[in-house]
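Below is one structure; the comments refer to it alone.
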């Protein structure tokens, strides 16, 4: 292995996190990437994938609660888009960076050599696992406190940025990457007049970046832009 189990470093991570584990084994598991476990072949040791699954659900709940408090006048659609941005891979990786989490994760040699400690997917998954571990160790309120601290920079910016204007953000990214503006096209509408749903297709420089639906054209466009931004963050949409 490239590095030993992080017993000595665990206290530092706990200090950064603001939580001291009663069951240190939960922390060890949260930091164990499957690549490390495959190479170590330790009997009785688990990787962090189950905790990641749990942490994903916990984060969905606690960030929803935080957003309800932060944006008391926001619609369901606005809250959903804001939550999607916070717990996207990019959002989670940014929060993980506040902890310098990549330094503490146990990785196999291959992942280590290919830059796994800074890979957004590994950081996002490790953070979800860490939140899942906190939940099992101390309950929902402790997990909520962790999320409140880690997402505070973005939560604090929400009112100043018109509750995440994804269209404006995508416009800036598209101009920077492709030197063109996004194109939104209504490709469908369904439902009665009092409850109509609009479907919007989004393209940038001729590249299809996805579709979304909404109760209005504006809402559908915002949702499509949010999805496009996530695709760009994941590296799935790049200039050719």
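The values are calculated or read from the model by the stated rules, or taken from the named source; none is laboratory data. This one's a predicted model, so the numbers in the text were calculated from it and none came from an experiment. Positions of Cβ are backbone-derived with ideal geometry, glycine not excepted, and every protein chain shown enters the neighbour counts.
Here are some notes:
Residues are listed down the side, and each one gets a yes or a no for (1) touching a helix residue (DSSP H, G or I) at 6+ places or on another chain (Cβ under 6 Å); (2) in contact (Cβ under 8 Å) with a residue 40 or more places away in the chain:
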{"position": "75", "(1), (2)": "no, no"}
{"position": "90", "(1), (2)": "yes, yes"}
{"position": "100", "(1), (2)": "no, yes"}
{"position": "106", "(1), (2)": "yes, yes"}
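- Of the residues making up the range 5-36, those that are at pLDDT below 85 and in contact with a strand residue (DSSP E or B) (Cβ under 9 Å, 6 or more places away or on another chain) are 5, 6.
- Here 209, 140, 177 are screened, and the one residue that is in contact with a strand residue (DSSP E or B) (Cβ under 6 Å, 6 or more places away or on another chain) and in contact (Cβ under 8 Å) with a residue 12 or more places away in the chain is 209.
- Some residue of the range 110-132 being surrounded by fewer than 21 Cβ atoms within 10 Å (Cβ to Cβ), in contact (Cβ under 8 Å) with a residue 40 or more places away in the chain, outside the structural domain of residue 212 (by TED's automatic domain parsing) and not in a helix (DSSP H, G or I): no
- Selection within the range 174-220: residues that are modelled with pLDDT of 85 or more and in a helix (DSSP H, G or I). The member of this set that is nearest to residue 75 (Cα to Cα) is 217.
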